1. Looking only at the range 135-157, which residues are more than 16 Å from ligand 2 (Cβ to nearest atom), part of a helix (DSSP H, G or I) and among the small types (Gly, Ala, Ser)?
2. Do you know which residues across the range 169-187 are within 16 Å of ligand 2 (Cβ to nearest atom) and among the small types (Gly, Ala, Ser)?
3. Which condition number in (1) touching a Leu at 6+ places or on another chain (Cβ under 9 Å); (2) within 14 Å of ligand 2 (Cβ to nearest atom); (3) part of a loop (DSSP other than H, G, I, E, B) is the one that residue 50 fails?
4. Of the residues that sit in the range 192-224 and are of a type in the set (D, E, K, R) and within 15 Å of ligand 1 (Cβ to nearest atom), which one is surrounded by the most Cβ atoms within 10 Å (Cβ to Cβ)?
5. Scanning for something within 13 Å of ligand 2 (Cβ to nearest atom) and surrounded by 14 or more Cβ atoms within 10 Å (Cβ to Cβ), does the range 119-134 turn up at least one residue?
6. Suppose we keep only residues that are small (Gly, Ala, Ser) and under 18 Å from residue 133 (Cβ atoms) within the range 1-27. Which one would you say is surrounded by the most Cβ atoms within 10 Å (Cβ to Cβ)?
7. What is the number of the single condition among (1) in a helix (DSSP H, G or I); (2) over 23 Å from residue 118 (Cα atoms); (3) in contact with an Asp or Glu (Cβ under 9 Å, 6 or more places away or on another chain) that residue 28 does not meet?
Amino acid sequence: MKSTTDFSKMKANGEKISMLTAYDYPTAQIAEQAEIDVLLVGDSLGMVVLGYDSTAHVTLDEMSHHGKAVRRGAKDTFVIVDMPFGTYHGSADTTLQNALRLFQETSANALKVEGSGAVIDKIKLMTTAGMPVCAHLGLLPQSAGVSGGYKVQGKTAAAAKQLIEDAKACEAAGAFMIVLECIPFQLAREVAEAVSIPIIGIGAGAEADGQVLVFHDMVRYGNHKLPKFVESYAEVGKDIEGAMRLYNLAVKDGSFPSESHRFTMKEEELEALYG
Ligand code: KIV
Ligand code: NA
């Protein structure tokens, strides 16, 4: 399994880091086989798996439940679990309690939190307690309700300057990695140059130190609308629907199950049954 220092070395060597979300056991197993560097149990779980209309509904119990499944499927891959909405915004005590619980229950390698400002102190608190933290800047889905929705961030010089300062603050607070979501590619390049920890982009261009995508977007699984920055490498949803239609038809027309699927009782047992 790669370590936080391996990721820093990869950045220093110009070697890109691949991150992908996962929410269950089989996906985690496949991702490990496919040699993905980092698995993120994102709170996008709420939207792509649980059908909520925002990540703000996701609970600590749900993150723990799915984090455990991913860990069981990918024992040798670095796993990051998202701290859900509201679990790191209260007092230092409750934040630490929540973080420790999620970290221990899931056996994650790290936790991720969104934002800067008051969150910087929480990053420091968690890393001081021994939990590696991945920061998340740019578009922040958990607070999209107050920040004006899902829009490209850091487009003005002032906003870009603030974002660079925030990234430096995350690094100073002990974060080992930063996810940067939905910002101009020029800004992602600036941020990647401003800090020595890896920048993992999503909708942030090719000059980040690595990339992350949501699994369901990457394989087109689900009806949700895909953002501009997504590339899909499979059409899993269509394949599944096709399989379901074939199964449905086969049951109705009696072609499933066939002789090859059935179990047989010996003739003598049948005779004994009928007397
Ligand atoms: O929850 C998630 O999937 C994320 C990624 C989009 C970075 O936070
Ligand atoms: Na997330």
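What follows draws every value from the coordinates through simple rules; no lab data is involved. From a predicted model like this one, the values you see are computed outputs, not experimental measurements. Neighbour counts run over all protein chains shown; Cβ positions are idealised from the backbone, glycine included.
1. Matches in the range 135-157: 157 only.
2. Step one: list which residues in the range 169-187 are within 16 Å of ligand 2 (Cβ to nearest atom), which gives 170, 175, 177-183.
Within the range 169-187, 175 is the sole residue that qualifies.
3. So residue 50 meets the others, but not (1).
4. As a first pass, look at the range 192-224 and keep what is of a type in the set (D, E, K, R): 193, 207, 209, 217, 220.
Imposing the further condition that a residue be within 15 Å of ligand 1 (Cβ to nearest atom) reduces the set to 209, 217.
Numbers: 209: 25, 217: 21.
Within the range 192-224, the match that is surrounded by the most Cβ atoms within 10 Å (Cβ to Cβ) is 209.
5. Within the range 119-134, the subset within 13 Å of ligand 2 (Cβ to nearest atom) is 134.
Remaining after also requiring surrounded by 14 or more Cβ atoms within 10 Å (Cβ to Cβ): 134.
Yes, that holds for at least one residue.
6. Residues of the range 1-27 small (Gly, Ala, Ser): 3, 8, 12, 14, 18, 22.
Filter once more, keeping what is under 18 Å from residue 133 (Cβ atoms): 3, 8.
Numbers: 3: 12, 8: 16.
This residue is 8.
7. Against the list (1) in a helix (DSSP H, G or I); (2) over 23 Å from residue 118 (Cα atoms); (3) in contact with an Asp or Glu (Cβ under 9 Å, 6 or more places away or on another chain), residue 28 comes up short only on (3).
A quick yes/no check of all residues on (1) free of Cβ contacts under 8 Å to residues at least 24 places away in the same chain; (2) part of a helix (DSSP H, G or I):
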position: 2; (1), (2): no, no
position: 6; (1), (2): yes, yes
position: 9; (1), (2): yes, yes
position: 20; (1), (2): no, no
position: 43; (1), (2): no, no
position: 69; (1), (2): no, yes
position: 96; (1), (2): no, yes
